[in-house]
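The values are calculated or read from the model by the stated rules, or taken from the named source; none is laboratory data. Because the structure is a prediction, the values reported are computed rather than measured. Virtual Cβ from ideal backbone geometry, glycine too; neighbours counted across all protein chains shown. Just so you know, the surface numbers come from the protein's heavy atoms only, side chains and all, with ligands and any DNA or RNA stripped out. Shrake-Rupley method; radii C 1.70, N 1.55, O 1.52, S 1.80 Å.
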Amino acid sequence: MIVNILVNSPKGSLFLESVYESDSSTDSTKMYSLFKSTIDSIGAENVVQIVTDNASENVKAGDLMSVVYQHIYWTPCAAHSVNLIFGDIFKERPFSTVFNQAIRVHSYIVQRPLLLNMMKRFTKQRSLVKSAKTRFATAFLTLARMYEHKSNLKKLFVSDEYTSSAYGREARGRESTDIILFLHSGTIWEQRPPMGYLKEAIDRAKEAIQDSFSDQRKYKRDFEIIDKRWDRKLHSPLHAAGLVLNPELFYANEERILGDEPLRNG
C-alpha cells in the first residue's frame, strides 16, 4: 500500500512524499502518526485541514488529530463522498434496476464493433459513456447520456438496418431493444469541486431532485442517503465558510465589489 502525501496552497498542489506500507494494512494509529509527522514537518500553524478518503481508519485518525490540533480539520474527500452517495443510491430501486439495464445495453453494443459503428451513426458520433472523476458519477452521467439520446437509440433499435441484422435476432439484442424502448432515466446532479461551491452544489442537487418529482415518497430515501453522508461525514465549518465567502453565489453581477458590510455570522 502506498500513501501519497500532497500539500495544497493558493499557489497550487505540490507532491510531498510517498509512504510505503509493505507489511501490514494501515490502521488508525499509523494514519494518525502519518498525519502528525506531516503536520509537524510543515508547521501546524500552516495547516488548515487534512483531506483523505472515507476509510474508517482515516476517520478515527482524524478524530485523534483534532484532539491534539484543535484548529485543524479532518475532511473526507468530496469526490469520494459523492461517489459513495451515488453508490448508495444505485442500491435502491428504481435506480438499481435502470442502471443494470443500461449497463447490459451498453456492454452489448460496445462488444460488437459493427453495432457500435451503427449506433454512432444514429447518435451523431456521440458515445454513451461520459466519464467523470469517480466511478458512480461516471455511471450517473452515462445514464444521462443515454437519456439524452433516448430518441436516437429508439430509432436505432426499431430501424430496418438493426432488425434485419443478426443483432436483432439475438436474445441479447431483443433484450436490449426491450430495455431501450421502455427505459426512462435522467440526471439530477451537478458537481462543483472547490470548497466554496460544495455546500451550494449539494443544496442545488437536492432542489433539483425535489423539483423532478411531485411525490415526496419517490425521493425521500435518496435524501436520507445524501443527508447521512453529508451531515455525518462531509459537512464541516470550512464548507460553510467557503459558501459565505464566495461572492459568486450571492451576486449576479461579477463586477460588483464587496464593501464594508459585515460578513454573515456563524
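Of everything in region 37-51, what is farther than 20 Å from Ala241 by Cα and open to solvent by less than 70 Å² (accessible area, probe 1.4 Å)? Give them in sequence order.
In the first step, residues of region 37-51 are kept if they are farther than 20 Å from Ala241 by Cα; the result is 37-44.
Scanning region 37-51 gives Ser37, Thr38, Ile39, Ile42, Gly43, Ala44.
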Worksheet item: Just a yes or no: is a residue in region 70-83 in contact (Cβ under 8 Å) with a residue 40 or more places away in the chain, in a helix (DSSP H, G or I), of a type in the set (Val, Ile, Thr) and open to solvent by less than 60 Å² (accessible area, probe 1.4 Å)?
Response: yes
Fill in: Residue check for Ala102: buried (at least 18 other Cβ atoms within 10 Å of the Cβ) and touching a strand residue (DSSP E or B) at 6+ places or on another chain (Cβ under 8 Å)
no
Practice prompt. Please indicate, with yes or no, whether at least one residue in region 9-20 is of a type in the set (Ser, Thr, Tyr) and open to solvent by less than 30 Å² (accessible area, probe 1.4 Å).
Written response: no
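Val67: loosely packed, with under 12 Cβ neighbours inside 10 Å and of a type in the set (Val, Ile, Thr), yes or no? I'd like the intermediate steps shown before the answer.
Details: loosely packed, with under 12 Cβ neighbours inside 10 Å: yes; of a type in the set (Val, Ile, Thr): yes.
Yes, satisfied.
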Practice prompt. Kindly provide the set of residues from region 181-202 that are surrounded by 13 or more Cβ atoms within 10 Å (Cβ to Cβ) and at pLDDT 70 or above, ordered by number.
Written response: Leu198, Lys199, Glu200, Ala201, Ile202
Discussion item. Quick test of your reading of the structure: Gln101 fulfils all but one of (1) more than 25 Å from Ile2 (Cα to Cα); (2) modelled with pLDDT of 85 or more. Name the failing condition by number.
Written reply: (2)
Item to complete: Scan region 210-224 and give yes if some residue there is of a type in the set (Lys, Arg), at pLDDT 75 or above and surrounded by 16 or more Cβ atoms within 10 Å (Cβ to Cβ), otherwise no.
Response: no
Response to the item:
In the set Asn54, Asn4, Asn58, the lone residue that is in contact (Cβ under 8 Å) with a residue 60 or more places away in the chain and within 27 Å of the chain's Cα centre (by Cα) is Asn54
Worksheet item: Which of the following residues is among the polar types (S, T, N, Q) and at pLDDT 85 or above: Ser127, Ser131, Ser165?
Response: Ser165
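Would you please name the residue that is farthest from Leu34 (Cα to Cα), looking only at residues in region 85-98 that are touching a helix residue (DSSP H, G or I) at 6+ places or on another chain (Cβ under 6 Å) and in contact (Cβ under 8 Å) with a residue 40 or more places away in the chain? It would help to see each step written out before you state the result.
Just the residues of region 85-98 that are touching a helix residue (DSSP H, G or I) at 6+ places or on another chain (Cβ under 6 Å), to begin with: 85-90, 92, 95.
Filter once more, so that each one left must be in contact (Cβ under 8 Å) with a residue 40 or more places away in the chain: 85-90, 92.
Working: Ile85: 28, Phe86: 30, Gly87: 29, Asp88: 30, Ile89: 33, Phe90: 34, Glu92: 37 Å.
In this case the residue turns out to be Glu92.
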Fill in: Yes/no for Asp63 being farther than 30 Å from Thr142 by Cα, assigned to a helix (DSSP H, G or I) and not hydrophobic (A, V, I, L, M, F, W, C)
yes
